[in-house]
Amino acid sequence: MLQRVISPPPSEQPPATLAGVTTQARQAPPAIPVRQRWLEFKQPVSTPSKLLLGIAAWILFLLGWHLAATSGTEANPLFPSPADVSGSLWNLFAERGFHSDVLASLQRILLSFGLAVAVAVPTGVLMGAFPAVEAFFSPLVSAFRYLPAPAFIPLLLMWLGTGDTQKIALLVLGVIWFLITLVCDTVKQTPVDFIETSRTLGGSRRTILWTVVLPSSLPGIVDTCRQMLAVSWTYLVIAEIVAATDGIGAMMMRARRFVHVDDIMAGILIIGALGLLCDLAFRGLHWLMFPYLRRR
Amino acid sequence: MSAALDLQHGGLEVARLGKVFPGRDKPVIAVEDVSFHVEPRQVCMLLGPSGCGKSTILRMIAGLEQPSSGGINLNGNPVVGPHRERGMVFQGYTSFPWLTVRQNVSYGLRINGDAYALREGTVDHYLERVGLSRFADAWPHQLSGGMRQRVALARALATTPQLLLMDEPFGALDAETRWQMQELLLNVIRKERMTVVMVTHDVEEALLLGDQIVFLSSHPGRVRTMLYPPFKGDDAICTREALRTHPDYAPMERQILAMMREEGGH
């Protein structure tokens, strides 16, 4: 259409060869094919591709593991294949009542983490909200943060015996100092303008704490809890290595005595899976609690 | 509604106000011997170059900052700290992100347990006043900058303060939105018949909205001169265009700009 309108009258038509060139030039130029590159800074990846890439990483990992474990002429009992480990995982649950160990560990984690949160969140919030409270607690908390929790095991054994109390105490000690510090830092980021806005609207100290400081920092606090729960899981095995009769860590220590490497690996796998589930649960909680933070 | 509000509104007396901040080497005098008076239902603009302490003066009136010397009286009562009788709109966005627009506007009433005002549709009244009725259930992050400042304005008005304080509320907005907001504010002030003290460094804004302009010099902040623009009292002037074509506008603007330039030479 456009071509016809702007084409010159027949009398002025240039020679055929030239005409062909001009016509071609007037047509919309073909899009220059841009090579799609895999690695591009900050370029978002579509959800299916993301899923595919994630699964590919797992498949490669398991494949590498499998090849490494089966490359020798005979099976190495110290390095079982993925199939061996999944077999022993099945065996553990189906025949050796592993679920009671898992439940015992889960109970210790939840109880200890609940206790840590119950102490750390109020303390951290007050420290973050009031510099005077921070000045009081901060030197103590900072010092304790650098003491390795496992170093307390001998003391805890003497004070609390070999029961669950000792293990829960260790798990609490492992996360509580970091939890306090991180909650305090989160609360300190409450914008001053928010606090002053509430003051000019007649907000008392208590009102501001409950209606401004807490809601403003709650998303950060929940995120902190999610991260510290992961640390709790890493302390679990340490807590259950010493004088434990049940729990995932105790099972792994028993397996070590009989060189059941596949059982140990199964234990590691279960801890990883449970840790991941906890993480997902916290992410879900975050999503439910803070609708205003969801992407538009 | 307006009739009930009128009885509460009063005058502001700022007397020989001074503020000294402890500096690194020596104390810094931010505000020195500043006095002015704002009649009930008048709009007072604090205008001056940066460093003239205009925000500090406003913060002292709000009670967020303690004066080093002098005093402030509102309706004969001395100002000793923040109070809901003095509402404030800040320069930055202060809508609480965890509350919807309606919850933000009703925040002041809720924390004061003002069940009566909550029941009587005060919140809806102010939402409508700032043109946000349709967005009552939106989250602040879904709004533009101008709309967020309208939320802050409605929230400050909802507790029916005797004095509205504004600290360069439109400073963060783009030019077009700022003009819209100035016209909206002019409209709201006329309808609600508020006593207002507003900080600005925008000469046009000061002339459009103010009954009275306190022009401050810098380092330290002192009152250099008082001006009384006639435009806000003139109901015919409700837009920028009407303001700019007024015969008194250009000379006044020139006078203030000249003073601004002198002060900038510091």
Next item on the list: Hey, can you tell me all the residues within segment B:106-117 that are without any contact (Cβ under 8 Å) to a residue 12 or more places away in the chain and either outside any helix (DSSP H, G or I) or within 11 Å of chain A (Cβ to nearest Cβ) (or both)?
Entry: B:110, B:111, B:113
Next item on the list: Give me a count of the residues in segment B:237-253 that are surrounded by 11 or more Cβ atoms within 10 Å (Cβ to Cβ) and either over 26 Å from residue B:180 (Cβ atoms) or in contact (Cβ under 8 Å) with a residue 60 or more places away in the chain (or both).
Entry: 1
Check: Can you find even one residue in segment B:76-87 that is open to solvent by 10 Å² or more (accessible area, probe 1.4 Å), more than 13 Å from chain A (Cβ to nearest Cβ) and assigned to a strand (DSSP E or B)?
Finding: yes
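Yes or no, residue by residue, for (1) touching an Asp or Glu at 6+ places or on another chain (Cβ under 8 Å); (2) under 30 Å from residue B:20 (Cβ atoms); (3) open to solvent by less than 10 Å² (accessible area, probe 1.4 Å):
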{"site": "B:154", "(1), (2), (3)": "no, no, yes"}
{"site": "B:193", "(1), (2), (3)": "yes, no, no"}
{"site": "B:201", "(1), (2), (3)": "yes, yes, no"}
{"site": "B:210", "(1), (2), (3)": "no, yes, yes"}
{"site": "B:214", "(1), (2), (3)": "no, yes, yes"}
{"site": "B:235", "(1), (2), (3)": "no, no, no"}
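Please work out if residue B:166 is facing chain A (nearest Cβ under 10 Å) and under 30 Å from residue B:19 (Cβ atoms).
No: the conditions fail for residue B:166.
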Check: What tally of residues in segment B:53-75 results from selecting those that are surrounded by 15 or more Cβ atoms within 10 Å (Cβ to Cβ), closer than 17 Å to residue A:199 by Cα and touching a helix residue (DSSP H, G or I) at 6+ places or on another chain (Cβ under 8 Å)?
Finding: 4
Next item on the list: Would you confirm whether any residue within segment B:118-126 is within 11 Å of chain A (Cβ to nearest Cβ), buried (at least 19 other Cβ atoms within 10 Å of the Cβ) and hydroxyl-bearing (Ser, Thr, Tyr)?
Entry: no
Item checked: Matching helices (runs of 4 or more DSSP H) fully within segment A:163-221 where at least 2 residues are within 14 Å of another protein chain (Cβ to nearest Cβ) and open to solvent by 50 Å² or more (accessible area, probe 1.4 Å) -> A:192-200, A:205-208
Margin query: Let me spell it out: the conditions are (1) in contact with a Pro (Cβ under 7 Å, 6 or more places away or on another chain); (2) surrounded by fewer than 19 Cβ atoms within 10 Å (Cβ to Cβ), and residue B:113 meets all of them except one. Which number is the exception?
Written below: (1)
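Any chance segment B:150-162 includes a residue that's among the β-branched types (Val, Ile, Thr), at the interface with chain A (Cβ under 10 Å from one of its Cβ atoms) and touching a helix residue (DSSP H, G or I) at 6+ places or on another chain (Cβ under 7 Å)? So that I can check it myself, show each step before the final result.
First, the residues of segment B:150-162 that are among the β-branched types (Val, Ile, Thr): B:151, B:159-160.
Restricting the remaining residues to those that are at the interface with chain A (Cβ under 10 Å from one of its Cβ atoms) gives B:159.
The next check asks that each one be touching a helix residue (DSSP H, G or I) at 6+ places or on another chain (Cβ under 7 Å); those that pass are B:159.
Yes: segment B:150-162 contains one or more residues that are among the β-branched types (Val, Ile, Thr), at the interface with chain A (Cβ under 10 Å from one of its Cβ atoms) and touching a helix residue (DSSP H, G or I) at 6+ places or on another chain (Cβ under 7 Å).
Which residues, taken from segment B:127-147, are in a helix (DSSP H, G or I), within 12 Å of another protein chain (Cβ to nearest Cβ) and surrounded by fewer than 21 Cβ atoms within 10 Å (Cβ to Cβ)?
B:141, B:142
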Checklist line | Condition check for residue B:173: away from chain A (no Cβ under 14 Å), open to solvent by 10 Å² or more (accessible area, probe 1.4 Å) and assigned to a loop (DSSP other than H, G, I, E, B) | finding: yes
Checklist line | Hits in segment B:95-105 - residues which are open to solvent by 10 Å² or more (accessible area, probe 1.4 Å) and part of a helix (DSSP H, G or I) | finding: B:102, B:103
Check: Considering only segment B:28-71, how many residues are within 14 Å of another protein chain (Cβ to nearest Cβ) and in contact (Cβ under 8 Å) with a residue 60 or more places away in the chain?
Finding: 6
Notebook entry, point to check: If we only count helices (runs of 4 or more DSSP H) wholly inside segment A:47-149, which ones have 1 or more residues that are without any contact (Cβ under 8 Å) to a residue 60 or more places away in the chain, touching a Ser or Thr at 6+ places or on another chain (Cβ under 9 Å) and crowded, with 16+ Cβ neighbours inside 10 Å?
Noted result: A:47-70, A:131-145
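Answer yes or no as to whether residue A:293 is open to solvent by 60 Å² or more (accessible area, probe 1.4 Å), among the hydrophobic types (A, V, I, L, M, F, W, C) and in contact (Cβ under 8 Å) with a residue 60 or more places away in the chain.
Yes.
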Next item on the list: Could you check, for segment A:190-201, whether at least one of its residues is aliphatic (A, V, I, L, M) and in contact (Cβ under 8 Å) with a residue 24 or more places away in the chain?
Entry: no
Next item on the list: Working only within segment A:236-290, note down all residues that are more than 18 Å from the chain's Cα centre (by Cα) and free of Cβ contacts under 8 Å to residues at least 12 places away in the same chain.
Entry: A:245, A:254, A:256, A:257, A:258
Next item on the list: Could you check how many residues of segment A:257-288 are within 14 Å of chain B (Cβ to nearest Cβ) and open to solvent by 80 Å² or more (accessible area, probe 1.4 Å)?
Entry: 1
Item checked: Meets criteria (part of a helix (DSSP H, G or I), open to solvent by 10 Å² or more (accessible area, probe 1.4 Å) and not basic (Lys, Arg)) for residue B:183 -> yes
Check: Can you tell me how many residues in segment B:119-147 are polar (S, T, N, Q), touching a residue at least 12 places away in the same chain (Cβ under 8 Å) and within 25 Å of residue B:179 (Cβ to Cβ)?
Finding: 1
Notebook entry, point to check: Out of all the residues in segment B:40-75, which are farther than 16 Å from residue B:20 by Cα and assigned to a loop (DSSP other than H, G, I, E, B)?
Noted result: B:40, B:41, B:42, B:48, B:49, B:50, B:75
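The values are calculated or read from the model by the stated rules, or taken from the named source; none is laboratory data. Bear in mind the structure is a predicted one, so any value in this text is a computation, not a measurement. Cβ coordinates were reconstructed from backbone atoms using ideal geometry, including for glycine residues, and neighbour counts include every protein chain displayed. To get the accessible areas, we keep the full protein, side chains included, count just its heavy atoms, and leave off ligands, DNA and RNA. Shrake-Rupley method; radii C 1.70, N 1.55, O 1.52, S 1.80 Å.
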